[in-house]
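What follows is a short report on a single structure.
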Amino acid sequence: MQGRILFAVSSLGLGHATRTLPVIRYFLKNGWRVSVLAHGNALRFLEQELAGKDIAFIERKDYPKLERGTGAAYFFYLVVDVVRTTFLIRGERKFVCRCQNQYDIILSDGRYGICSEMIPSFLISHQISFIMPKGLGLMGSLVDRVNLAYFRKFDTVFIPDFPNIKESLSGRLSHNRIAGRLHHQWVGLLSSYTAQEVSEAEKIDILFIISGYLQEQKESFVHELIEQAKKISGHKVFVLGDAGSKEVIRMEEEDITIYPVATGTLRNSLFNRARLIVSRSGYTTILDLAEMDKPAVLFATPRQTEQEYLADFLEEKGWYATSQKQGEFNLQDLANRAIRNKPFTAPWKTRHSLKIIEDTVTSYLTRHRFSIIIPAHNEESYLEESLGHLAGQEYPDELYEVIVVENGSSDETLNICSRFAGQYDNISCLMSEQGVSRARNTGFADSNPAFDWVIFLDADTLLEKTFLSELNRYLGKYQSKNLTVGTTAIRPADDISLNARFWFALYGIGHRLTRTSFSLQIVRRQVAEKIQYDEQLSYAEDLRYLKEARGQGEFFFLRTMAVSSSTRRFRRNGYLLQTLVWMYQALQPDCMKKKRSYTVIR
């Protein structure tokens with residue numbers, strides 16, 4: 001089993017669903033556990049195409065359709081729908097926060113809020129820069145900046161097009177300055193169609209694929225196409241993209257068959273049998289045409305600026321016959337032009353594109369190996385629970401080790417440690433002279449040199465069973481950064497009062513800002529090999545260690561609910577006093593911290 005992946009698919013037209021379908025199938029075939037989030041027609045289409053597969057389907061409301069109304073009403077609805085979309089994106093982010101531990105990877109096609117700071121997240125989009133409607137051209141720069149802000153929340157943007165502008169299908173939708181400021185990957189074609197042998201008797205002269213989501217324009221357009229198709233000889237087939245209907249209409253005299261929707265083998269068969277395709281100039285349709293080397297007549301949906309631009313762009317390239325007019329056109333003339341054109345020839349096809357996507361995704365799923373080192377001095381009240389949590393981690397035993405370093409205890413600490421070491425192969429127990437710095441250095445010296453990260457953990461700090469998996473995903477997500485040392489958010493383990501939660505949250509903010517920590521430090525092994533805890537310091541030794549580690553690269557702070565620590569220090573001294581003590585100790589020069597008395601609280 002490779003991992004768990006969430007596909008989030010836009011329902012604004014079936015194009016997002018059809019181009020994501022081969023990606024879903026590819027990951028399923030390669031052993032991934034798949035969940036699919038979609039809405040409406042897109043969800044029903046994917047449920048039909050993937051029927052019988054072990055997939056969890058999730059329905060979540062999608063964004064509103066931005067092209068509504070005419071005249072002044074158009075601009076009114078545009079503003080209203082943009083505001084609604086913003087709130088829906090916020091809702092998507094909250095949804096992801098609630099369920100992100102269920103997935104290793106997120107791959108979104110057109111759902112901009114389905115991404116995570118914790119999980120490697122990828123976006124499929126060809127529309128990196130929007131084509132602005134007439135009258136709103138001056139807003140283009142602002143919209144591009146908003147796009148950039150949303151896109152940057154994803155680790156990589158997969159652009160279904162080719163890097164060479166001369167071989168581009170999307171033109172300046174994707175080849176623009178915004179793309180240059182994003183971490184992106186050109187993946188080429190994404191099409192759910194596969195080639196198959198078709199006899200001459202099975203051929204369809206014209207296949208009409210009329211999907212799209214502007215229903216008020218669709219009905220009149222389909223009616224006009226049918227009327228003109230009646231006058232053209234040959235076998236004609238319509239697919240209307242309505243997943244909510246099952247009625248097939250046959251017009252025997254005109255040799256016309258109308259399907260509300262075509263899925264599975266029928267959908268693939270119809271496309272293979274077609275001599276000529278008539279469709280919207282939606283981008284997914286263009287990808288399908290390039291995959292199958294089909295000539296086509298493409299109509300732009302009125303006021304849908306992307307399709308209007310693509311129609312002009314592809315007409316200029318001479319690859320397809322296109323029309324900007326929905327009500328005034330001559331279908332026969334357009335068909336003749338399309339047959340004479342030489343269709344686009346792709347540098348590579350979908351099979352190679354899927355490999356590019358998988359290679360990129362899996363590069364984020366490195367299984368990191370962790371050495372967890374726990375100094376333990378008279379920790380009988382906490383060590384057993386701490387080790388119990390570590391033994392129960394939902395992470396492969398061979399990928400982490402726990403080294404407890406007992407240093408001068410006079411209670412049951414050593415016995416507790418020895419019992420766990422005898423029971424679990426990846427838990428060991430060492431002894432050293434008293435001193436937390438000496439214990440940490442001793443534990444590190446005995447740790448596995450092949451492991452990637454070292455976690456120095458206080459004995460009264462609990463790591464929930466999901467922690468190592470969360471940390472692994474986080475480190476994979478930010479693998480391109482030079483992360484060297486960090487810490488995590490920490491909750492109070494034995495006090496759920498509002499006061500305790502407030503102070504711990506405050507400490508979290510302080511540690512992020514000052515790049516410090518308490519209770520645990522996470523260090524890249526190559527860095528830990530260069531530095532040591534100063535065994536001469538009586539306190540604040542971790543601050544010195546963190547300062548030296550930060551000099552080797554970037555500090556990170558993992559937001560998580562899987563770490564909690566005892567409030568014993570605060571129960572003894574009070575939160576305010578303990579904070580003041582720590583601040584005073586932090587500000588002292590190192591010479592004042594050596595061989596000084598330090599009150600141990602147990």
Pairs where the first residue, in the stretch 240-255, is assigned by TED's automatic domain parsing to the domain that holds Leu225 and the second is at pLDDT 90 or above and part of a strand (DSSP E or B), C-beta under 6 Å, 6+ apart
Val248/Tyr259; Ile249/Ile258; Arg250/Thr257
Which pairs have Cβ atoms under 7 Å, sit 6 or more apart or on different chains, and link a residue in the stretch 181-195 that is under 20 Å from Thr265 (Cα atoms) to one that is hydroxyl-bearing (Ser, Thr, Tyr)?
Leu190/Thr350; Leu190/Ser353; Ser191/Thr350; Ser192/Thr18
Output the helices (runs of 4 or more DSSP H) that fall wholly within the stretch 447-557 and possess 3 or more residues being farther than 21 Å from Ser371 by Cα, or say none.
498-514
Conditions (1) touching a residue at least 24 places away in the same chain (Cβ under 8 Å); (2) surrounded by fewer than 17 Cβ atoms within 10 Å (Cβ to Cβ); (3) over 20 Å from Thr194 (Cβ atoms) -> Glu59 fails only (1)
From Leu334, Leu387, which residue is part of a helix (DSSP H, G or I) and either acidic (Asp, Glu) or buried (at least 23 other Cβ atoms within 10 Å of the Cβ) (or both)?
Leu387
Being surrounded by fewer than 22 Cβ atoms within 10 Å (Cβ to Cβ) and free of Cβ contacts under 8 Å to residues at least 24 places away in the same chain: is that true of Glu316 here?
yes
Single condition Ser566 does not satisfy, out of (1) within 24 Å of Leu587 (Cβ to Cβ); (2) crowded, with 17+ Cβ neighbours inside 10 Å:
(1)
Members of the stretch 256-269 that are out of contact with any strand residue (DSSP E or B) (no Cβ under 6 Å at 6 or more places or on another chain) and either of a type outside the set (S, T, N, Q) or assigned to a helix (DSSP H, G or I) (or both):
Pro260, Val261, Gly264, Thr265, Leu266, Arg267, Asn268, Ser269
Do we find a residue being in a loop (DSSP other than H, G, I, E, B), surrounded by fewer than 18 Cβ atoms within 10 Å (Cβ to Cβ) and not assigned by TED's automatic domain parsing to the domain that holds Leu463 anywhere in the stretch 416-426?
no
Only one of (1) outside the structural domain of Tyr26 (by TED's automatic domain parsing); (2) modelled with pLDDT of 90 or more is not met by Gln185, so which one is it?
(1)
Any chance the stretch 560-567 includes a residue that's within 25 Å of Thr442 (Cα to Cα), assigned to a loop (DSSP other than H, G, I, E, B) and at pLDDT 90 or above?
yes
Going through (1) among the small types (Gly, Ala, Ser); (2) more than 36 Å from the chain's Cα centre (by Cα); (3) at pLDDT below 90 one by one, Ala335 fails only at (3)
So which of Glu554, Glu535 ends up being charged (D, E, K, R) and surrounded by 14 or more Cβ atoms within 10 Å (Cβ to Cβ)?
Glu535
Can you name every residue in the stretch 87-105 that is in contact with a helix residue (DSSP H, G or I) (Cβ under 7 Å, 6 or more places away or on another chain) and either surrounded by 24 or more Cβ atoms within 10 Å (Cβ to Cβ) or hydrophobic (A, V, I, L, M, F, W, C) (or both)?
Ile105
With respect to Gln526, determine if the residue is in contact with a helix residue (DSSP H, G or I) (Cβ under 7 Å, 6 or more places away or on another chain), of a type in the set (S, T, N, Q) and on the phi < 0 side of the Ramachandran plot.
no
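The values are calculated or read from the model by the stated rules, or taken from the named source; none is laboratory data. Small disclaimer: the values here were computed from a predicted structure and weren't measured. Please note: Cβ atoms are built from the backbone with ideal geometry, for glycine as well, and neighbour counts cover all protein chains shown.
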